[in-house]
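Asks: My questions will all concern the structure given below.
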């Protein structure tokens, strides 16, 4: 795997498109307004903007939780949670290149929906971020989020989405 490989400018536009579509799909699924999305406070980073500890081997992305506050706010009561979706460019590009049936846009769409579902679940306390490192609980959560992601994407008409669903269905079966 070429962990240092980065999205090209054209591929970054595809990332932006996938983020927009995923946010709309997840928002519709959870009946969230754009104001509620802003309340969730998240951002997406690609390889060029990742800190060393945000780069991982294996998964296509991860969600990292940070506590933040505005520059001029000194009180701890001004702190808020910010989630960073850390896309792993090299891992994503390698998967798409290895399998001729995977297209970047639907693959990124699945990944973004999946990671946004995690953020919604953390934000709504359906799942505690702090417990996400426990292996048995982590696998159960991944299965749950995979199922929700498939439900959200089942009626989406994007070229290549069925190949992406098949790709991740194999993961679900292997980890059942």
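Asks: Residue 19: assigned to a helix (DSSP H, G or I), surrounded by 12 or more Cβ atoms within 10 Å (Cβ to Cβ) and either at negative phi or free of Cβ contacts under 8 Å to residues at least 12 places away in the same chain (or both), yes or no? Please lay out each step first, then the result.
Replies: Working: assigned to a helix (DSSP H, G or I): yes; surrounded by 12 or more Cβ atoms within 10 Å (Cβ to Cβ): yes; either at negative phi or free of Cβ contacts under 8 Å to residues at least 12 places away in the same chain (or both): yes.
When the stated conditions are applied, residue 19 passes them.
Asks: Hey, does region 76-89 have a residue that's farther than 24 Å from residue 55 by Cβ and either modelled with pLDDT of 90 or more or within 17 Å of the chain's Cα centre (by Cα) (or both)? If you could, list the steps in order and put the result at the bottom.
Replies: Narrowing region 76-89 to residues farther than 24 Å from residue 55 by Cβ: 76-80.
Filter once more, keeping what is either modelled with pLDDT of 90 or more or within 17 Å of the chain's Cα centre (by Cα) (or both): none.
Among the residues of region 76-89, not one is farther than 24 Å from residue 55 by Cβ and either modelled with pLDDT of 90 or more or within 17 Å of the chain's Cα centre (by Cα) (or both), which makes the answer no.
Yes/no per residue for (1) closer than 16 Å to residue 121 by Cα; (2) modelled with pLDDT of 95 or more:
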| position | (1), (2) |
| --- | --- |
| 11 | no, yes |
| 38 | yes, no |
| 45 | no, yes |
| 60 | no, yes |
| 93 | no, yes |
| 99 | no, no |
| 108 | no, yes |
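Asks: With the requirement that a residue be out of contact with any helix residue (DSSP H, G or I) (no Cβ under 8 Å at 6 or more places or on another chain) and outside any helix (DSSP H, G or I), what does region 40-59 give you?
Replies: The answer is 41, 43, 50, 51, 56.
Asks: Scan region 141-161 and report the pairs whose first residue is in contact (Cβ under 8 Å) with a residue 24 or more places away in the chain and on the phi > 0 side of the Ramachandran plot and whose second residue is buried (at least 16 other Cβ atoms within 10 Å of the Cβ) and assigned to a loop (DSSP other than H, G, I, E, B), with Cβ atoms within less than 6 Å and a gap of 6+ or a chain change.
Replies: Sorted first by the residue in region 141-161, then by its partner, the pairs are 160/103.
Asks: Test residue 97 against the stated conditions and say whether it is surrounded by fewer than 18 Cβ atoms within 10 Å (Cβ to Cβ) and part of a helix (DSSP H, G or I).
Replies: Details: surrounded by fewer than 18 Cβ atoms within 10 Å (Cβ to Cβ): yes; part of a helix (DSSP H, G or I): yes.
In short, yes.
Asks: Restricting the search to region 28-54, which residues are free of Cβ contacts under 8 Å to residues at least 24 places away in the same chain, surrounded by 10 or more Cβ atoms within 10 Å (Cβ to Cβ) and closer than 28 Å to residue 8 by Cα?
Replies: 37, 49, 51
Asks: Here is a list: 5, 71. Which entry is more than 21 Å from residue 145 (Cα to Cα) and surrounded by 13 or more Cβ atoms within 10 Å (Cβ to Cβ)? Show your work before the answer.
Replies: Working: 71 fails: surrounded by 13 or more Cβ atoms within 10 Å (Cβ to Cβ).
Among 5, 71, only 5 is more than 21 Å from residue 145 (Cα to Cα) and surrounded by 13 or more Cβ atoms within 10 Å (Cβ to Cβ).
Asks: Among residues belonging to region 140-176 that are at pLDDT below 80 and farther than 23 Å from residue 104 by Cβ, point out the one that is surrounded by the most Cβ atoms within 10 Å (Cβ to Cβ).
Replies: The initial filter retains those residues of region 140-176 that are at pLDDT below 80, namely 170-176.
Add one more test, that the residue is farther than 23 Å from residue 104 by Cβ, and what stays is 173-176.
On the way: 173: 8, 174: 7, 175: 11, 176: 7.
Only one residue tops the list, namely 175.
Asks: Hey, does region 65-78 have a residue that's closer than 23 Å to residue 152 by Cβ and free of Cβ contacts under 8 Å to residues at least 24 places away in the same chain?
Replies: No, region 65-78 has no match at all.
Asks: Something else: Any residue at all in region 76-87 that is in contact with a strand residue (DSSP E or B) (Cβ under 7 Å, 6 or more places away or on another chain), buried (at least 18 other Cβ atoms within 10 Å of the Cβ) and in a helix (DSSP H, G or I)?
Replies: Within region 76-87, none of the residues are in contact with a strand residue (DSSP E or B) (Cβ under 7 Å, 6 or more places away or on another chain), buried (at least 18 other Cβ atoms within 10 Å of the Cβ) and in a helix (DSSP H, G or I).
Asks: Does any residue of region 66-75 turn out to be at pLDDT 80 or above and assigned to a strand (DSSP E or B)?
Replies: Yes, region 66-75 contains a residue that is at pLDDT 80 or above and assigned to a strand (DSSP E or B).
The values are calculated or read from the model by the stated rules, or taken from the named source; none is laboratory data. Treat the numbers as computed from the prediction; the structure is a model and nothing was measured. Neighbour counts are summed over all protein chains in view; Cβ atoms, including those assigned to glycine, are modelled from backbone coordinates with ideal geometry.
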